[in-house]
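One structure is given here, and the rest of the page talks about it.
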C-alpha cells in the first residue's frame, strides 16, 4: 500500500468499505430471508393443525345437530348427514395423526378418538330404536338412560383440550420464530460492527501511510525539485484532462441528486398510502366485530325459536291426547244415546220424551266427534309446521355459525394486513430518512466536486508559473536540507 498514490489508496479504501457494506447487506438479506421462510413454514404448519382441530369441533357440532334432527322427525336424510359428519370427523383425526408432532397433542388426539368411539357406540342403539318409532310422543324415551349426554360432553371436552393444546403449540412456534428473528438481527448488528471496525482500520492505515509518505517527501524535495520543471508541463496537460473528468463527475452527481430526491418523494407517497391502508384495515376490523356481534344475537334468537317450537310440539301432543279422550267420550255417549233410544221405544208412550232427549244427545255426540276430528287434523298440521320450522331453524343456525367463523377468518386477515402495512410503513419511513441523508451527502459531494474542478483549472493556470519557479525551488530545497541538518546537498 505504501507504493500506491494517494488517489489509488483512497479509491482502494472506498472500494473495500463498499465491498464490506455489500457483504453485510447480502448476509443480512439472506439471514432475514431464511428466518422469514422458516417462520412462515412453521406458522403455516401450526395454523393448519389448529384449523383442523377447530374443524373437529365444527364437525362434532354438525353431527349433533343432524342427530337431533333425526330424533325429531326420523328422516333418513338427517341420518345420512349424521353418518357423513362422522366420516369427515374420522378423516380429520387421520389427517391430524399425520401432521401433529407434539407427543402431548397426539395423546390428546387419541383421547378424542376414544371419546368419539364411545359416543358413536352409545348413539347406535338410540338410532336403531328411533327407526322403529312412528309416534313422536315416544321419542322422549330414547334418552331416558342418560348415557348419550355425558359421552357427548366428554367428547366435546376432549376436542376442546386438543384445540387448546394445538393453539399453545402455535404460540410456542411463534415465540421460537421470533427468537430466531432476534438472532438474525443480532447477527446483522455484529456484521455491521465488524464492517465499522474494518472501515476504521482501513482509515487508520491510510492515515499512517500518508503521514509517512509526507514525512519522507520532505527528504526528497531536493531530488524532486529537479524533476518538477519537466513535471510542470505534464501537470498542465493532466490538469486539462482532470478538469474535463471533474466536469463529467459533476454532471453525474447532479443526476444522482435528482434521482435521490425522486426516491424521497416516492417514499413519502408510499408512506401516505400505507397509512391510509392501515386506517382502512382498522375500519374493516371494527365493522366485522360489529357484524359478528349481530350474528351472535341472531344465533341466540334462533336458539330461542327452536326451544319455543319444541315446547309447542309438546303442547300439541298433550292437546292431541285430550282430543283423543274427547273423541272416545263422544263415541261412548253416542252408544249410550242409541241404547237409550232403543229402551225408550220399548217403553211406549211414556218413553217418547226420553227418546227425543236421547236423539239430541246422540246428535250432540256426533257433532263433538266431528269437532274432535277437525281438532286432530289441525293438531297434525301444527305438528308438521313445527317440525318444518325446527328443521329450517337448525339449517339457519348452521348458516349463522358458518358466517360467524368466516367473519373470524376475515377479522384475522384484517389484523394481519394491518401488521404488514405497519411494517411496510416503518420500512418506507426508514427509506425516506436514508434517502434524505443520501441527498444531503450528494449535495455536499457536488459542492466539493465543483470546488475541485475550479481548483483544477487554477492548477492548470499555475502550471507555467510552477515551471518557472522549479529552479528557485531546487535552490530552496538545498537550503532546507542544510537547515534540517541532513547533511545532503
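None of the figures in this text is laboratory data; all of them are computed from the coordinates on show. None of the values given here were measured: they were computed from a predicted structure. Neighbour counts run over all protein chains shown; Cβ positions are idealised from the backbone, glycine included.
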Query raised in the report: Sorted from fewest to most neighbouring beta carbons within 10 Å, what does the list 80, 49 look like?
Result: 80, 49
Report task. Per residue, how big is the convex hull around the C-alpha atoms of region 237-396? Give it to me in cubic angstrom, could you? Result -> 127
